[in-house]
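These notes concern the structure reproduced below.
The values are calculated or read from the model by the stated rules, or taken from the named source; none is laboratory data. Since the structure is predicted, the reported quantities are computational estimates derived from the model, not experimental observations. FYI the Cβ positions are ideal-geometry reconstructions off the backbone, even for glycines, and counts take in every protein chain you see.
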Ligand code: PBG
């Protein structure tokens, strides 16, 4: 069938037809909203490079949780800013650490909300790297033990799912083993399987105060030039027991999301990261773009590429827009 018998515009002529044949949709339950937890009381500090994103003290979480649930967002991803940092990042697995307290607060005050935790050391180490150092090198195998302890402490505090973002080799199997040995067989692992060494994390490092104090993360995060390596990383995580595979960042890596979706049968998550969010906010503040439409189109493109789940600072705003539509 070709023109003039076939006319693609026929099915675009009104909204009912367009909605009828729409291939991809956004849903609030597929979005995860990141939260930054800080020490102190009554704290609600806006992150300057991420308008609309706040660092919250633990006492603010009940209200935040209610706001998420009210918008239809059912899951959050926790990051912590500890009181003190040290070379081994021991705050990451402290029984009474900042994230552990936040989990308990959320589980007590908003049990319907699903709590996912970021498992990494960079917010807790004084040098800002994602693992501990031996001779100024991030040492893979000593870091694994600390990551296992961190995931376990989150599970003990009541976390529903853990998400390792450190990019050490072997961490998914380490975390799976430690969780299983401690009767947490039912806690899923959402692995940052494919995480690139990206400049789009800039605003996050302000928010979470976790910029490396020397060097960069290129010895553990992936080279943005590589896509076949992404498949290898994902394969390893599947074999190690990951339940969800994540690609990060999202928009600059839609091809990677698409490949993972095609080649694996696990759910795929994509992290629409801080820099991707900040760029839309900045252009919108200048009046150069229509923020609502660019937000919706961006998140839709991530779903269309093949992501089942989107982690985004826009989760609440997008969910509210969906409620209006
Ligand atoms: C910690 C971590 C980072 C992000 C999520 N977990 C920063 C980094 O790897 O430097 C970035 C998230 C974002 O930019 O929104 N390892």
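Please verify whether residue 155 is in contact (Cβ under 8 Å) with a residue 12 or more places away in the chain, part of a loop (DSSP other than H, G, I, E, B), away from the ligand (no atom under 15 Å from the Cβ) and farther than 28 Å from residue 226 by Cα, treating the condition exactly as stated. Here the answer is no, as residue 155 does not meet what is asked. Among the conditions (1) within 15 Å of the ligand (Cβ to nearest atom); (2) buried (at least 20 other Cβ atoms within 10 Å of the Cβ), residue 51 misses just one, which is (2). When 8, 4, 39, 28 are screened for being closer than 13 Å to residue 316 by Cα and either in contact (Cβ under 8 Å) with a residue 24 or more places away in the chain or surrounded by fewer than 11 Cβ atoms within 10 Å (Cβ to Cβ) (or both), only 28 passes.
For the stretch 73-100, the set of residues classified as touching a helix residue (DSSP H, G or I) at 6+ places or on another chain (Cβ under 6 Å) and more than 14 Å from the ligand (Cβ to nearest atom) consists of 73, 74, 93, 97, 100, listed by residue number.
Across the stretch 173-195, the qualifying residues are those that are within 15 Å of residue 130 (Cβ to Cβ) and over 15 Å from the mean Cα position of the chain (by Cα), and the one among them that is surrounded by the fewest Cβ atoms within 10 Å (Cβ to Cβ) is 174.
Scanning the stretch 208-239 for residues being touching a strand residue (DSSP E or B) at 6+ places or on another chain (Cβ under 8 Å), near the ligand (Cβ under 8 Å from one of its atoms) and over 21 Å from residue 172 (Cα atoms) gives a total of 1. Checking each residue in the stretch 1-41 for being assigned to a loop (DSSP other than H, G, I, E, B) and under 16 Å from residue 304 (Cα atoms) picks out 21, 22, 23, 24, 25, 26, 27. Can we say residue 121 is over 17 Å from residue 164 (Cβ atoms) and either at pLDDT 95 or above or in contact with a strand residue (DSSP E or B) (Cβ under 8 Å, 6 or more places away or on another chain) (or both)? Spelling it out, it is not the case that residue 121 is over 17 Å from residue 164 (Cβ atoms) and either at pLDDT 95 or above or in contact with a strand residue (DSSP E or B) (Cβ under 8 Å, 6 or more places away or on another chain) (or both).
Yes or no: the stretch 163-170 includes at least one residue that is assigned to a helix (DSSP H, G or I), more than 28 Å from residue 105 (Cα to Cα) and within 13 Å of the ligand (Cβ to nearest atom).
No, the stretch 163-170 contains no residue that is assigned to a helix (DSSP H, G or I), more than 28 Å from residue 105 (Cα to Cα) and within 13 Å of the ligand (Cβ to nearest atom).
Only a single item in (1) within 16 Å of the ligand (Cβ to nearest atom); (2) under 19 Å from the mean Cα position of the chain (by Cα); (3) in a helix (DSSP H, G or I) is not met by residue 106, and it is number (1). Residue count for the stretch 121-140 under the criterion of being within 11 Å of the ligand (Cβ to nearest atom) and not in a strand (DSSP E or B): the result is 8. Taken as a whole, the structure leaves residue 118 outside the set of residues that are without any contact (Cβ under 8 Å) to a residue 24 or more places away in the chain and either within 12 Å of the ligand (Cβ to nearest atom) or out of contact with any helix residue (DSSP H, G or I) (no Cβ under 9 Å at 6 or more places or on another chain) (or both). The set of residues from the stretch 196-207 being buried (at least 17 other Cβ atoms within 10 Å of the Cβ), more than 7 Å from the ligand (Cβ to nearest atom) and modelled with pLDDT of 95 or more comprises 196, 198.
Can you confirm whether the stretch 230-246 contains a residue that is under 18 Å from the mean Cα position of the chain (by Cα) and under 22 Å from residue 124 (Cβ atoms)? Before you say what the answer is, go through the steps one by one.
Taking the stretch 230-246 first, the residues under 18 Å from the mean Cα position of the chain (by Cα) are 230, 233-234, 237, 242-246.
Subset that is under 22 Å from residue 124 (Cβ atoms): 246.
Scanning the stretch 230-246 turns up at least one residue that is under 18 Å from the mean Cα position of the chain (by Cα) and under 22 Å from residue 124 (Cβ atoms).
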